[in-house]
Amino acid sequence: MNILFCCKDTPAEPWLQGLAAALPGARLSVWAPGAPAADYAVVWAPPQQFLDEQTGLKALFNIGAGVDALLRLRLPPQARVVRLDDAGMAVQMAEYVCHAVIRHFRELDALEAGMRAGEWAYRKPRQRQDFPVGVMGLGVLGARVARALAQFEFPVNGWSRTPKALDGIRSFSGADGLPDFLAASRVLVNLLPLTPDTENILNRDTLARLQPGGYLINVARGAHLVEDDLLALLASGHLAGATLDVFRTEPLPAGHPFWTHPRITLTPHASARTLRDESIAQIAGKIGALERGEAIAGVVDPGRGY
Ligand code: NAP
Ligand code: GLV
């Protein structure tokens with residue numbers, strides 16, 4: 001079995017070693033133009049030339065959860081696209097989002113700034129029920145995040161394409177359910193995949209429907225957010241702040257207004273990183289299953305876009 005590795009900005013050697021150890025007998029190599037035909041590929045943002053040449057691939061294993069960049073390319077029609085299915089990302093995302101929600105709710109920025117200024121000053125405790133959190137996307141990551149938030153006893157709403165029944169989470173679904181979901185939420189967490197239906201979904205109209213003093217946490221993709229609309233709603237005071245991990249252009253360009261905005265907290269697309277060992281174990285397990293003719297989880301539906 002031939003497996004090609006074609007991952008932008010990712011050192012190949014540790015992946016090749018890990019995959020070789022997990023798949024004895026497989027021939028592994030880094031793709032270069034003109035490489036012999038392969039059965040499987042492990043990819044992240046591959047060039048179109050790779051896909052045009054490797055027309056016989058049975059499956060492409062994306063080393064991330066989001067497949068938006070891959071689905072923009074012309075893919076071999078028979079090749080399954082397989083996303084990472086948690087592989088250690090869900091717990092990282094739960095940590096990150098709970099941290100951001102709690103940091104905002106408990107006013108930790110203001111308390112820390114006060115201490116730096118030499119002030120020992122309490123703030124009146126805020127009520128949890130005044131901070132309902134809405135999680136957009138209740139998939140592998142969103143469902144884990146919603147459950148973690150519910151453990152901290154925040155009221156949690158969830159919005160997905162199809163209805164869900166998750167303990168302790170109020171479920172909303174479909175385009176018709178979006179206005180009620182937003183009106184029921186004050187803190188908004190975006191964990192949607194980027195598709196034609198969800199691009200620019202965080203805009204003036206949707207964000208204005210959040211309860212006053214709203215707070216945005218975008219951990220999915222930068223193209224979900226209309227950046228100028230966020231800035232306008234922060235300026236108007238309807239939104240109290242935002243935590244952003246993803247951006248329309250990454251790295252965030254020098255001079256972008258987000259860099260210095262006092263009410264925006266930034267991280268460099270770091271909320272849930274691909275963990276190599278967990279990912280290799282998952283990919284190797286799925287290649288084994290496909291070779292035995294078994295079904296696997298995490299196969300993307302290109303028509304749906306996720
Ligand atoms: P997933 O398992 O595919 O779940 C997607 C969820 O979104 C599902 O609940 C789906 O609804 C819902 N959805 C999709 N289209 C919708 C629409 N038009 N309206 C309403 N709901 C819709 O994805 P995941 O693994 O949780 O990951 C989500 C995204 O997180 C990824 O696509 C990626 O962009 C991002 N991500 C970011 C980082 C980071 O470091 N910042 C790391 C990993 C992933 P149904 O359940 O009804 O299908
Ligand atoms: C990271 O953004 C991913 O999609 O895994």
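Tabulated data
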item	result
Cα centroid separation - region 37-101 against region 105-141, whole Å	35 Å
Convex hull volume of region 89-266 per residue (C-alpha atoms, cubic angstrom)	123 Å³
Highest-fluctuation residue, Leu266, Leu149, Leu138 considered, GNM on the chain with Cα pairs under 10 Å	Leu266
Trypsin sites (Lys or Arg not before Pro) within region 201-306, DSSP loop, no more than 15 other Cβ atoms inside 10 Å	Arg248, Arg263, Arg273, Arg292, Arg304
Percent of C-alpha pairs per 10 Å bin, region 162-306, short to long	10, 32, 31, 19, 7, 1
Per residue accessible area in Å² of the chain, where ligands, DNA and RNA are left out and the probe is 1.4 Å	49 Å²
Computed over the chain: relative contact order in percent, which uses C-alpha pairs under 8 Å that are six or more apart	16 percent
Packing-based ranking, highest mean first, of 153-166, 180-193, 80-93, 16-29 given that Cβ atoms within 10 Å are counted	180-193, 80-93, 153-166, 16-29
The chain: Lys pairs at Cα distance under 27 angstrom, eight or more positions apart or on different chains	4
Hull volume in cubic angstrom per residue (convex hull over the Cα atoms of region 1-141)	165 Å³
At 1.567 mPa s and 4 °C, Stokes diffusion of the chain via Kirkwood alpha-carbon radius, µm² per second	62 µm²/s
Over region 89-266, relative contact order from alpha-carbon pairs under 8 Å, at least 6 apart, %	16 percent
Karplus-derived HN-Hα couplings along region 62-79 (A = 6.51, B = -1.76, C = 1.60, θ = phi - 60°), whole Hz, x at Gly and Pro	7, 8, x, 7, x, 10, 4, 5, 5, 6, 6, 8, 7, 9, x, x, 8, 6
Inter-label distance for Ala26 and Val91, nm, one decimal - labels placed 7 Å from Cα along Cα-to-Cβ	2.4 nm
Karplus 3J(HN,Hα) series, Hz, for region 250-260 with 6.51 cos²θ - 1.76 cosθ + 1.60 (x for Gly, Pro)	10, x, 4, x, 4, x, 4, x, 4, 3, 10
Coordinate range along principal axes, alpha carbons of region 175-251, Å, largest first	30, 29, 16
Amide hydrogen neighbours beyond the local backbone of Tyr306, cut-off 5 Å, H modeled	Asp301
Per-residue [θ]222 nm for the chain (sum of -39500 (n - 2.57) over DSSP H runs n ≥ 4, rounded to 500)	-9500 deg cm²/dmol
Angstrom value of the Kirkwood radius, inverse mean 1/r, which spans all Cα pairs in region 5-45	10.8 Å
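The values are calculated or read from the model by the stated rules, or taken from the named source; none is laboratory data. All of these numbers come straight from a predicted model, not from anything done at the bench. With ideal geometry, Cβ positions are generated from the backbone for all residues, glycine too; neighbour counts draw on all protein chains shown. For accessibility, only protein heavy atoms count, side chains too; no ligands or nucleic acids. Shrake-Rupley method; radii C 1.70, N 1.55, O 1.52, S 1.80 Å.
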